[in-house]
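Notes follow once the structure below has been shown.
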Amino acid sequence: MIYTPSKFLSFRDFIDQYGDNPRYQLIDGKLRDMEPTGHHEAVAGKIAGRIYLEIFRANLNWLIPKNCLIKPLYSEATALRPDVVVLDQTQLSQEPLWDKEPVICNDNTIQLVVEVVSNNWQDDYARKVEEYAFLKIPEYWIIDFRGLGGLQFIGKPKQPTFTVCYLVDDVYQQQKYRLGDLIKSRLLPNLQLRLDEIMPNI
């Protein structure tokens with residue numbers, strides 16, 4: 001991720017200028033260019049497909065929008081753009097912006113967020129862990145297929161890592177999975193997934 005030098009942007013400024021461009025998100029008034037690669041997008045697409053399959057099998061009234069921003073109600077200068085977000089369709093009627101824009105403001109609408117780690121690993125492992133926990137999102141998955149995260153987050157030696165963060169008393173508890181491990185989700189208990197299955201062909 002490139003930290004683009006720019007003037008402070010409000011949420012409305014960001015929506016007007018960059019809302020339709022999936023490359024960008026806004027954190028504390030600063031524009032972030034996420035510069036997604038083909039491999040990054042391939043991993044995001046594969047995990048979205050696997051999640052949707054579980055939603056379909058369990059007959060859950062959830063959806064995965066193609067494009068979506070998360071705007072915390074307490075912030076006027078942040079608009080997060082997860083790689084994958086799972087929404088409860090029954091809650092969308094309570095969303096103040098949804099009829100006009102693909103923006104989610106209420107925490108109880110979001111069931112799961114997924115971030116595929118790129119050069120912005122500090123945001124994914126630190127800032128967004130706090131943001132998503134504050135929003136009370138039940139699960140947050142961090143897919144670090146290149147092993148970019150700091151040693152305190154993925155251990156040593158660095159290697160591809162899939163971290164499942166599940167909310168307990170408003171704080172995320174984290175479970176790390178490596179290649180070959182069967183990943184477990186409290187939100188999707190019948191999920192049968194290994195990191196190997198969503199790795200890009202590099």
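Brief remarks follow.
- Summed over qualifying helices (DSSP H, 4 residues or more, each -39500 (n - 2.57)) and divided by its residue number, the chain shows a 222 nm mean residue ellipticity of -6000 deg cm²/dmol.
- Each peptide in 124-132, 137-145, 98-106, 170-178 was scored by the mean count of other Cβ atoms within 10 Å over its residues; highest first, the order is 137-145, 124-132, 98-106, 170-178.
- When each of the peptides 109-118, 42-51, 75-84, 182-191 is scored by the mean number of other C-beta atoms lying within 10 Å of its residues, the order from highest to lowest reads 109-118, 75-84, 42-51, 182-191.
- Computed lengthening from D88 to Q192, 0.36 nm per intervening residue step minus Cα-Cα distance: 35.3 nm
- Overall form of region 62-106 per C-alpha gyration tensor (a/c, 1.5; a/b vs b/c): oblate
- With each label modelled as a point 7 angstrom along the Cα→C-beta vector, the N201-A133 pair spans 3.9 nm.
- When each of K128/K176; K30/K176; K156/K184; K71/K176; K66/K100; K71/K184 is checked by Cα-Cα distance, pairs over 20 Å: K30/K176; K156/K184; K71/K176; K71/K184
- Cα gyration tensor shape for the chain, rounded if a/c is under 1.5, else prolate or oblate: oblate
Readers should treat all values here as calculations from the given coordinates under stated rules, not as data from a laboratory. A quick note: this is a predicted structure, and the numbers were derived from the prediction, not measured. We place every Cβ from the backbone using ideal geometry, glycine too, and count neighbours over all the protein chains shown.
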